[in-house]
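S.K.: Just passing along the structure, written as structure tokens.
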Amino acid sequence: MPVKLWRKPLDADKIPKLQYEVHIINERCDGCGFCIDFCPKDVLARAEKMNEKGFYPPQVINEANCTFCGFCRSVCPTCAIFPIEKISRNIKEVE
Amino acid sequence: MESSNSKSESSEEIRIGVNVCHCGLNIGGSVNCDEVAEYAASLPHVAISRALRYSCSDQGQELIKKDILDYKLNRIVVASCTPRLHEPTFRRACEEAGLNKYLFEMANIREHCSWIHLHDREAGTEKAKDLVKMAVAKAALLEPQEEREVPILRKALVIGGGVAGIQAALDLADTGYRVYLIEKEPSIGGRMAQIDKTYPTMDCSICILAPKMSDAGRHPNIELLTASEIVEVKGYIGNFRVKVLKKSRYVTKDCSACGDCSTACPVTVPNEFDVGLATRHAIYTPFPQAVPSTYIINKENCLNTNFIVCDKCIVACERNAIDFTIIPETIELEVGTIIVATGADVFDPTVLPNYGYGKFLNVITSLEFERLINAGGPSGGKLLRPSDMTIPDTIAFIQCVGSRSEKGTDSCSNVCCMNTIKDALLIKEHWPEVKIYVFYIDIRAFGKGFEDLFRRAKEEGVIFIRGLPAEILEDRKTNNLWLIGENTLSREIYKINVGMVTLSIGLEPREDSNIIQRLFTLSRAPDGYFMEAHPKLRPVDTPTGGVFLAGCAESAKDIKDSVTQASAAASRANILMAQGKVTIEAITPTPIIDNCKFCELCTKVCPYNAILVDRENKITEVIEAACAGCGNCGAECPSDALIMRHFTDEQIIAQIDAITEQDANMKIVAFCCNWCSYAAADFAGVSRMQQPTNIRIIRTMCSARVSEKFIARAFARGAAAVLVAGCHLNDCHYIDANYQTKKRVERFWRRMERRGVRKERLQLLWASAAEGERFASKVREMAETVKNVSSEEIQKTVKAFKKR
Amino acid sequence: MKALEALIDLEKLKYCFECGICTASCPIAEMLPTHYNPRILLHSIHLDEERLLTSAEPWLCAWCYKCNQRCPQGLNLPEIFRAIRKYAVEHGSLEGFTSALKIIRETIPLPASCCYICFHPERTIDDSKLIEDSIQKLIIDYIITTGKTTKAVSSPTLHKERIAIVGSGPSGLTTACELAMKGYPVTVFESLPKAGGMLRVGIPEFRLPKEVLDADIGYIKDLGVEIKTNVAIGNDLMLDDLRKEYNAVLIATGMQKDKEFNIEGNDLNGVVNALDFLRQVNLGKIVELKPKVAVVCVHRLLGIDVARVALQLEPEEVRLIYRRSKKRMLFHGRIGEQMQKEFKEAEREGMKTHFMTWPTRILGKDGQVVGLECARMGLGKPNEKGLRKLIPIEGSNFVIDLDSVILAVGQAPSISPSEEIELGEENSVIVNPVTLETNLPGVYACGEIAWGPSTAIVSIASGKQAADSIDEFLRTKQVGTIKI
């Protein structure tokens, strides 16, 4: 169906939008920047402040965009970043 | 293969029987038939010649049969009407008398002679003599042919799972054949599943379609292949080999369609089924009644691109039915018949900036309207306008958006008028206070029960205004819309304020039609839809044997017509498969391996890929079942290695020679293709379009049969002019063979220029079967040219083209 | 009428389904509903051919091409009407032309200017003297009759409600003229020293002689319209002041700004914007151009106008830089014909051209332009609309030595006179599409500031619509009653 879909779906606001938080353990970060490069939704950017190790860790600039894909967690060589859900895991409760 | 057979035949004495038909006064009125018969008797090989009142009558046929036995005739010529009419009749008579039907030849002295020379009996008679002479000359060289039979696999393939495809598949499956039903979307159902109600009965569309869908899904004879596309087609009538790419659903058969996975999926995207008015998840089922009812993962939307990230659906699925390791597979099917039911696209109104679609929220398309008013749709069946989700107090429908327009499709889309009337009535049924305007240029309520519905809409207070809005403007404050147009009946400009506008968008050929066209060697009409073999008498056949059309693939049509056509196509396919075999007209080429240089020119021009040349093993083979007999290869072959059966070089040259034997300097040698230009000449005859008597027509199956050497031969024999006529480009009955005609004629023109011969003396004409006048005026034009050709010029031309 | 049929693609004409889109799109049909209906004119080619020879209608087409753009059959109505004009002229009938001029004088605001820039009689009549004389006669005609008109309509002001109009371009002047004729006291505010808006400062002298425009404005002044020049609303005077003092305010400030062109070095000394340049020249200011000038042209007509005006200032050389082909510049779309004419003139006057070329940056030294680096453009694959994308050819960059660059990119809306007014896309003023009222009650907007760049005649029609709407508002104090 090559019909162009241009509208915001009418029920778009009714869909429970899950919120996520990205946790960064600054002191663990080695500043490789993989998470920033790989994030598909541009949630992360380089922080302005150095950590104790002398690296620039990532900082969250656009948390609302996070879709919880977990890519950052997967690529981090030092396990210094992970996302978690802000609200209850059970979606049915939300509804 | 029957070469030994034919040699023995040709070694015996040739005895031709000629029958000149009066056809009452149709021929006898302007041609002296007795004189023609007498003349025919003097021609070589003619054993008996007589004039008959009605040769096609039972007595006439009996006489022909009796002659064959009494006079030991082995060739028959009948000079009467067009072979397109009675050739089968006389061929049967010959067969009944024990004569191979390919030993029969016809001279068309009615449509091509008596009817177009009503007032010149003398010239008409002379022309008739020539036509008979040509037929006799060809007849002497005719060979008996054996028609080959090809087995037909009793399996069918239906492409497209819309209502037409479903109906065709069910009909064939119920008859007992194995059917593969292929659909590129995740579910069958097509457009009809998207529509809310059907006209004129106001039945709920999905309610009547869903049982059919599940029947098709459950049927033991139907194998459903959804999310699948055809990638390759090989073979020919009765024996197609089709490769199908089955995309991965990433969901196994264990799926119970509980929907837990979809609820868990974090991705939301617009749902294609609801035209983007509602959302779906990356794992989804397009609509509740979908068949098959399993879920599918759209990999483009899914976050799990590398097997390590999101696994919410896998966790949610209790039956472990999600498997990301499934890969797409290509399967090969062998089928005997194919039904193309690929449906239609809808017009995209964003190309009309003055209607603001895509910019103004409350301008919607009729397809969006169907989803909006559907109980299963995004608004739960309430008529809510998108901007503020309220019921609009006024709705306008604009007709012919993208139809009957060069901005969309030139043709009428057939369904929009009634669809709008149905929609208007639906609104009136639930929200009678809503004011409805319909802006139209013509309301076409032509079908059974349509006019009643139209009348009902008027009774219900729907306001019909003739004249389309020129412009839709939005009031930013209220999101209401102003329509500005001219009421062409009152000649006044209207400015009307409405809450919502529905654009009645037209139907268009599928964007990917060209792929199907290429795969199945179909042809397409100028409007882009697939073309049928004959618009009146073979409306669901295609020019490719064993392939049939159903539904909107052939032209825009409504559900009833689609179902009718689907059943018709199924029935046509059934005829082939029930017989289990098909005979192929013996007009295909026979390769002469000794002459063949394996240059592969023939394979390049063959529209059907029906010639296999194996240079290494020195094999050239014609797949008779795939070949349609256009003769393009024969004309292309530089080394006489392909003999076009029943239209051999010798036979055609004999006809040319017969024409040019006397008074060649006054004659036009014409080559007409069987389907369009010969039929155009017939039509000119039927319409009694009077023409000069210069032209002598040689019939070939396709204009692409006309080799340059035929044209050269005609000029070398002193012909004043040559006409090559064929179907319009893109209308060719052999896909695109006539592009070769064009190429050859253009090449010959250059040759003429080089040799100092006037180009006007060779003409190329494209004429469809209905363009009799076009043909006749060409003949008149060329007759004028003939007058200007001096005898010195002819001498020069003869010299230029005479073989050294 | 066989000859006429030969001029027109009659086969296609038969596909007219009389949908009425042409008439409803036409600014002239909107202004002159009793005199002009393109749909019926088209229809009469088949039916009433004799009438066509003497009819004024074909001469009333103002070449805006809205009908052609929207026609479902793509019929080229202006060209068809031109063929009819031509046919009449060839048969020695100028009756249609003269009666059209009469209609124009009586019913179209700014009639003399419109003859030059909208109706284009010269496109069918080769005799330019005849046209000049006819239009001169028209001007004289209404200068003589003005006395009467002024007395008849304007001197005893019928209504006491006062109206302020911001901007004296074609739409503002039209509204002023129409409302004055209805008997309202009207004041027009113009930020520039002279009235006329784009007609004065956007169109070069050779396309619209200033005295013709002066005649039109003089007529409007004679109707009693007061024009206050050198007053910028939002600067010298606030919109709120106007709203307090006047019963209705119309904003018709148009699109006088140049569209911004993002290129390295566009702030250098010697880079000017085309509309600024034209304004200076047209206001009679002494403009000194450096000897070597390049006109970077996106908007074709603006580009060629600027090049010709620049040529008149006699610099050493003027180069026109256009990113597409010459063919596209001269033959594409509705302004093709005018382009060909102007281009020929410009070439004769010595313009040099660079087609398929686009600047990559402006080179400067000590803040002054010294050169223009350009790249040659190649054609990419066609997009959905069949237009082929332009791709700079790698390594084709070259530098043109010059000291002045004029950027002819296109128009942008003038600055809105008040922050309270709601703005839409590209800073246009949002109006009710039928009443033209803005979000502020009693404040209206019309012309380009509301609808975007358009031809003069479309602005004039918009001005007339605004006048009707303001009149209705003041008479009934309610908006939006529209008959169907």
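S.K.: Residues in region B:54-86 near a label at B:Glu96, defined as backbone nitrogen under 12 Å from the 7 Å Cα→Cβ point?
M.R.: Once the point is set 7 Å along Cα→Cβ of B:Glu96, B:56-66 turn out to lie under 12 Å by backbone N, inside region B:54-86.
S.K.: Still on this structure, please answer the following. With respect to the cross-link table entries B:Lys407/C:Lys327; B:Lys759/B:Lys796; B:Lys477/C:Lys66, which display a Cα-Cα separation exceeding 18 Å?
M.R.: From the list (B:Lys407/C:Lys327; B:Lys759/B:Lys796; B:Lys477/C:Lys66), the Cα-Cα distance tops 18 Å for B:Lys407/C:Lys327; B:Lys477/C:Lys66.
S.K.: Do any cysteines in chain A lack another Cys Cβ under 4.7 Å, and if so which?
M.R.: So far as the 4.7 Å Cβ criterion goes, A:Cys29, A:Cys32, A:Cys39, A:Cys66, A:Cys69, A:Cys76, A:Cys79 stand without a partner in chain A.
S.K.: For the pairs B:Lys197/B:Lys382; B:Lys246/B:Lys557; C:Lys285/C:Lys341; C:Lys129/C:Lys326, flag any whose C-alpha to C-alpha distance is greater than 22 Å.
M.R.: Table pairs above 22 Å Cα-Cα are B:Lys246/B:Lys557; C:Lys285/C:Lys341; C:Lys129/C:Lys326.
S.K.: Sort C:Arg200, B:Arg751 by accessible area with a 1.4 Å probe, largest first.
M.R.: The residues order as B:Arg751, C:Arg200, largest area first.
S.K.: Output needed: Cys residues of chain C lacking any neighbouring Cys C-beta below 4.7 Å, sorted by number.
M.R.: Unpaired cysteines in chain C: C:Cys16, C:Cys19, C:Cys26, C:Cys61, C:Cys64, C:Cys71, C:Cys115, C:Cys177, C:Cys297, C:Cys374, C:Cys446.
S.K.: For B:Lys709 and B:Glu13 in one chain, what is 0.36 nm times their gap in residues minus the Cα-Cα distance, to one decimal in nm?
M.R.: Numbers: separation 696, 0.36 × 696 = 250.56 nm, distance 2.95 nm.
Answer, rounded to one decimal: 247.6 nm.
S.K.: Quick test of the membrane-span-like rule: which DSSP H helices of chain C reach at least 24 Å along their long axis (C-alpha atoms) with mean Kyte hydropathy at least 0.0? Could the numbers behind the result be given before it?
M.R.: Details: long enough: C:128-149 (31 Å, 0.16); C:456-476 (30 Å, 0.27).
Span-like helices, by this rule, are C:128-149, C:456-476.
S.K.: Return the lysines within reach of B:Lys101: Cα separation strictly under 30 angstrom, same-chain partners fewer than 8 residues apart disregarded; answer none if there are no such residues.
M.R.: B:Lys7, B:Lys65, B:Lys66, B:Lys72, B:Lys127, B:Lys129, B:Lys133, B:Lys138, B:Lys536, B:Lys581, B:Lys709
S.K.: What Kirkwood hydrodynamic radius do you get for region B:227-298 when you take the inverse of the mean 1/r over all pairs of distinct Cα atoms, in Å?
M.R.: Answer for region B:227-298: a Kirkwood hydrodynamic radius of 14.2 Å.
S.K.: For peptide B:638-645, how many partner chain Cβ atoms fall within 10 Å of a residue's Cβ, on average?
M.R.: 0
S.K.: B:Val757 accessible area, nearest 10 Å², 1.4 Å probe?
M.R.: 10 Å²
S.K.: Take the Cα radius of gyration of the protein assembly as shown and divide it by 2.2 N^0.38 Å, with N its residue count; two decimals is plenty. Could you put the intermediate results ahead of the total?
M.R.: On the way: Rg = 38.8 Å, N = 1383, 2.2 N^0.38 = 34.4 Å.
So the Cα radius of gyration is 1.13 times the expected 2.2 N^0.38 Å.
S.K.: Once you have a ≥ b ≥ c as the square roots of the Cα gyration tensor eigenvalues for region C:258-411, tell me rounded if a/c is under 1.5, and otherwise prolate or oblate according to whether a/b is larger than b/c. It would help to have the intermediate numbers written out before the result.
M.R.: Numbers: a/c = 1.77, a/b = 1.20, b/c = 1.48.
Oblate is the answer for region C:258-411, as a/c is 1.5 or above yet b/c matches or exceeds a/b.
S.K.: For B:His728, B:His430, write out the residues from largest to smallest accessible area, computed with a 1.4 angstrom probe and no ligands counted.
M.R.: Numbers: B:His728 50, B:His430 105 Å².
Descending accessible area places them as B:His430, B:His728.
S.K.: Taking only the alpha-carbon atoms of region C:282-354, what semi-axes of the equivalent ellipsoid follow from 5 times the gyration tensor eigenvalues under a square root, in whole Å, largest first?
M.R.: 22, 13, 11
S.K.: Let me check something: with ligands and nucleic acids excluded, how do B:Lys243, B:Lys667 order by accessible area (1.4 Å probe), largest to smallest?
M.R.: I get B:Lys243, B:Lys667, largest accessible area first.
S.K.: Something else: Please give the length that would be gained between B:Asp736 and B:Ser214 if that part of the chain were fully extended, namely 0.36 nm times their separation in residues minus their C-alpha to C-alpha distance (nm, one decimal). Mind dumping the intermediate values first?
M.R.: Working: separation 522, 0.36 × 522 = 187.92 nm, distance 4.09 nm.
So the extension gain works out to 183.8 nm.
S.K.: Rolling a 1.4 angstrom probe over the protein chains, ignoring ligands and nucleic acids, what is the accessible area of B:Arg538 in square angstrom, nearest 10?
M.R.: Taking all protein chains as shown, B:Arg538 has close to 100 Å².
S.K.: While we're on this one: Which whole DSSP H helices in chain B pass both tests: a Cα extent of 27 Å or more along the axis and a mean Kyte-Doolittle value no lower than -0.5? Kindly include the intermediate steps, with their values, before the conclusion.
M.R.: Details: long enough: B:121-140 (28 Å, -0.34); B:559-579 (30 Å, 0.20).
Taking the DSSP H segments of chain B (at least 27 Å long, mean hydropathy at least -0.5), we get B:121-140, B:559-579.
S.K.: Estimate the FRET efficiency between C:Ala232 and B:Arg758 by the formula 1/(1 + (r/R0)^6), using the beta-carbon distance for r and 56 Å for R0, to the nearest 0.05.
M.R.: 0.15
S.K.: A further question follows. With the cut-off at 1.5 for a/c, could you classify chain B from its C-alpha gyration tensor as rounded, prolate or oblate? List each step's numbers first, then the result.
M.R.: Numbers: a/c = 2.42, a/b = 1.79, b/c = 1.35.
It is prolate, given that a/c is not under 1.5 and a/b is the larger ratio.
S.K.: Over all distinct Cα pairs, what is the inverse of the mean 1/r for region B:593-635, reported as the Kirkwood hydrodynamic radius in Å?
M.R.: Kirkwood hydrodynamic radius for region B:593-635: 10.5 Å.
S.K.: So which lysines can A:Lys4 reach, going by Cα to Cα under 16 Å and dropping same-chain residues fewer than 8 places off?
M.R.: B:Lys359, C:Lys385
S.K.: Once both labels are modelled 7 Å past Cα along the beta-carbon direction, what's the C:Arg361-C:Ile393 spacing in nm?
M.R.: Output for this residue pair reads 2.3 nm.
S.K.: Here's something else I'd like to know. So how do B:616-623, B:456-463, B:287-294 stack up, highest first, on mean other-Cβ count within 10 Å?
M.R.: In descending order of packing, they fall as B:287-294, B:456-463, B:616-623.
S.K.: For C:His91, tell me the accessible area in Å² from a 1.4 Å probe, rounded to the nearest 10.
M.R.: For C:His91, solvent-accessible area is about 100 Å².
S.K.: In straight Cα distance, which lysines are under 22 Å from C:Lys221, not counting same-chain residues fewer than 8 positions off?
M.R.: Excluding near neighbours in sequence, the set is C:Lys102, C:Lys137, C:Lys148, C:Lys151, C:Lys160, C:Lys182, C:Lys194, C:Lys210, C:Lys464.
S.K.: Another question, then. Given points 7 Å out from each Cα along the Cα-Cβ axis, report the A:Leu5 to C:Gln312 separation in nanometres with one decimal.
M.R.: Each label point lies 7 Å from its Cα, and together they span 5.7 nm.
S.K.: Extending each Cα 7 Å along its Cβ direction at B:Thr325 and B:Lys743, get the distance between those two points in nm, one decimal.
M.R.: 5.1 nm
S.K.: Can you give the calculated 222 nm mean residue ellipticity of chain B, where each DSSP H run of n ≥ 4 adds -39,500 (n - 2.57) and the sum is split over every residue, rounded to the nearest 500 deg cm²/dmol?
M.R.: The helix contribution divided over chain B gives -9500 deg cm²/dmol.
S.K.: Quick one: what does P(r) look like for chain C with 10 Å bins over all Cα pairs, in whole %?
M.R.: 4, 18, 27, 26, 18, 6, 1, 0
S.K.: Shape of region A:25-94 from its Cα gyration tensor (a ≥ b ≥ c, root eigenvalues): rounded if a/c is under 1.5, otherwise prolate when a/b > b/c, or oblate?
M.R.: Taking the square roots of the gyration eigenvalues as a ≥ b ≥ c, region A:25-94 is prolate.
The values are calculated or read from the model by the stated rules, or taken from the named source; none is laboratory data. Source: prediction; values computed, not measured. Using ideal geometry, Cβ is built from the backbone for each residue, glycine included, and neighbour counts are taken over all protein chains shown. What goes into the accessible areas is simple: the full protein's heavy atoms, side chains included, and nothing from ligands, DNA or RNA. Shrake-Rupley method; radii C 1.70, N 1.55, O 1.52, S 1.80 Å.
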